[in-house]
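Working notes, beginning with the structure itself.
The values are calculated or read from the model by the stated rules, or taken from the named source; none is laboratory data. The structure displayed is predicted, hence computed values, not measured ones. Cβ: placed from backbone, ideal geometry, glycine included. Neighbour counts: every protein chain shown.
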There are 2 protein chains.
Amino acid sequence: MLSNIPFDPSKTVVALCGGVGGAKLALGLQHLLEERLTVVVNVGDDFEHKGLRICPDLDTVLYTLSGLNDEARGWGRSDETWNFMEATKQVGGECWFALGDRDLALHVERTLRLADGATLTEVIAEISQRLRIKARIFPVTDDRLRTKVETGTEMLDFQRYFVERRCEPVVQRIFFEGADISRLNPLVSEELSSERLGAIIICPSNPYLSIDPILAVPGIRNEMKRRGLPVVAVSPIIAGRAIKGPTAKIMDELRIKPTSGSIAQHYSSLIDGLLVDHVDAEDATDIATTVHTAPTLMTDLESRIRLARETLAFAGRLAAGQI
Amino acid sequence: MLSNIPFDPSKTVVALCGGVGGAKLALGLQHLLEERLTVVVNVGDDFEHKGLRICPDLDTVLYTLSGLNDEARGWGRSDETWNFMEATKQVGGECWFALGDRDLALHVERTLRLADGATLTEVIAEISQRLRIKARIFPVTDDRLRTKVETGTEMLDFQRYFVERRCEPVVQRIFFEGADISRLNPLVSEELSSERLGAIIICPSNPYLSIDPILAVPGIRNEMKRRGLPVVAVSPIIAGRAIKGPTAKIMDELRIKPTSGSIAQHYSSLIDGLLVDHVDAEDATDIATTVHTAPTLMTDLESRIRLARETLAFAGRLAAGQI
């Protein structure tokens, strides 16, 4: 499949990724690149709940890249059951965050291994191997980094905002507790410095909630730019709306026009190109960065692979100085 | 139902209980006594697993007295599913101790509340209330008391012996770590001192593994004897065999003849009467304590209630000095 795209088949790719939307592109990329893909994942959504360490974005990537994800529900595992939650309710436990019976195993095992002294990176690597995932999945940092949402009246932990409050509160400010003192995962540095690296892709995750916490880790921006390799983002906005999640709502609340132009501006110092949905081709003419248009809606595996191929080809052309 | 048995219907009962076999009689007693029953439960089987505090005997009593227990399997909850275990296996976690998806909720909630500073007694009381259990269920102590099994070559934690090794190792000695410094649950003391108390029943649990750890808590034997109320045990042995679990096997290994006579001897300083299965009536003639014979096999709710009624009547006759 790679032979007909202008992306050097000896090169590797680093993709920055949040949850569901980003993981879909990561799956397409894994299909084309296999072991040559490294996914750097947001940990700002991570939290402690019922004594367990839960990493929503890492788990979405794990489940998506192993084919265990639930397509219809859009999150969590397929063939999931909810008897733990039902019994928790019966004994009066907290129920605002749904934990599937199968999903729970991952949280329990991760919590045990972290308590045993393993790093999150080590735990995810071990689980990736067990689930026979070809790409490498790295948390952007092993340090504590927590996304907080300021609403004017409240300071909410991310999952309280996202799940318990269903993104209903108006966002005034988003910040990343601990980011300033977090250390970039050394394996991410290594990957970004690799001679084999051909491109860096920012998946169509929420820029404010999912990609910004990755970019908030000191040093990563420099590492991304240092080699002069193409950095390509895929816009999560189609016709003024986000396919999944609160991206457009948050942009509105932050008084940012929900367009791909705003996404380009947000990433302006970092990216060399923005892949914009073909329905927005007309609006894209005044975007400052190089734009490539293509269908970005990923409804099935085929469309994920197609978008991955478009993205790699775009990066390949940028690398070759063709555009 | 109580009017036709010679047990004072204004009196309360304390029952000492281990797991499955004992809980069956406790259910029969609860049916007759409702709020007038207090069940004092073994905690020697308790252990920490996957970061969770698991209390097998307390949970069996909770599930049995709330009707949530699985009759066919003989342990755990009905309508149970095992997807957590399946997913745990998938990610390489320990699988020797089966945790059902519903059952898990109890362990997680208990662990959380204990970590919040609640006593085990408080946690069990709260859960009992949630599950609308009429009897009161008390752990014999809130302190750490752990049953250990010495096999000659190994010193095994109880659950490792019982579940992981399926009671296969030959038992040389059983002891109760922490028992000597454990404090009797003050609510158990209170109940044993109550003016309303009419009898104390030792359920047909394994004397060595389930009742002895209760009796190993300093002070409880004195509290049981102090008032001179009848203490009645129901023998777990029928025709030289135990209905459930390793009682007869362990008696054999400890070079004790697996008969109700041996049970009487084991409890000799404590009990005023032993209820023996009617098939063993002939062998029971040389038992030193007062014996009552009745069918002790509890195959359904009716037989549990019948045995509970027989036991109460026996205690009532002992209390009245009729035998």
Within the stretch A:107-119, of all residues that are crowded, with 23+ Cβ neighbours inside 10 Å and touching a strand residue (DSSP E or B) at 6+ places or on another chain (Cβ under 8 Å), the one farthest from B:Glu109 (Cα to Cα) is A:Arg110
Please determine whether any residue of the stretch A:95-106 is more than 12 Å from chain B (Cβ to nearest Cβ) and either crowded, with 17+ Cβ neighbours inside 10 Å or farther than 19 Å from A:Ala23 by Cβ (or both). yes
Checking A:Leu192, A:Leu145 in turn, the sole residue that is crowded, with 17+ Cβ neighbours inside 10 Å, at pLDDT 95 or above and more than 29 Å from A:Arg77 (Cα to Cα) turns out to be A:Leu192
Flag for A:Ile220 being touching a residue at least 60 places away in the same chain (Cβ under 8 Å), out of contact with any Gly (no Cβ under 7 Å at 6 or more places or on another chain), crowded, with 19+ Cβ neighbours inside 10 Å and farther than 17 Å from A:Gly19 by Cα: yes
Of (1) modelled with pLDDT of 90 or more; (2) in contact with a strand residue (DSSP E or B) (Cβ under 9 Å, 6 or more places away or on another chain), B:Leu301 fails just (2)
task = Please work out if B:Ser303 is surrounded by fewer than 17 Cβ atoms within 10 Å (Cβ to Cβ) and within 19 Å of B:Asn206 (Cβ to Cβ).
result = no
Only one of (1) surrounded by fewer than 16 Cβ atoms within 10 Å (Cβ to Cβ); (2) among the aliphatic types (A, V, I, L, M); (3) more than 8 Å from chain B (Cβ to nearest Cβ) does not apply to A:Ile133, and that is (1)
Open item on the list: Yes or no: the stretch A:24-43 includes at least one residue that is surrounded by fewer than 24 Cβ atoms within 10 Å (Cβ to Cβ), of a type outside the set (S, T, N, Q) and within 13 Å of another protein chain (Cβ to nearest Cβ).
Closed with: no
(request) Could you tell me whether A:Gly240 is of a type outside the set (A, V, I, L, M), without any contact (Cβ under 8 Å) to a residue 60 or more places away in the chain and surrounded by 21 or more Cβ atoms within 10 Å (Cβ to Cβ)? (result) no
Can you find a residue in the stretch A:44-51 that is within 14 Å of another protein chain (Cβ to nearest Cβ) and more than 23 Å from A:Gly245 (Cα to Cα)? yes
(1) surrounded by fewer than 21 Cβ atoms within 10 Å (Cβ to Cβ); (2) out of contact with any strand residue (DSSP E or B) (no Cβ under 8 Å at 6 or more places or on another chain) all hold for B:Ser78 apart from (2)
Filter the stretch A:57-83 for residues that are polar (S, T, N, Q) and assigned to a loop (DSSP other than H, G, I, E, B); the one that is nearest to the other protein chains (Cβ to nearest Cβ) is A:Thr81
The strands (runs of 3 or more DSSP E) lying entirely within the stretch A:84-188 that contain at least 2 residues which are over 29 Å from A:Val13 (Cβ atoms), touching a Phe, Trp or Tyr at 6+ places or on another chain (Cβ under 7 Å) and touching a residue at least 12 places away in the same chain (Cβ under 8 Å) are A:146-150
Given (1) more than 24 Å from A:Leu270 (Cα to Cα); (2) at pLDDT 95 or above, A:Arg36 misses just (1)
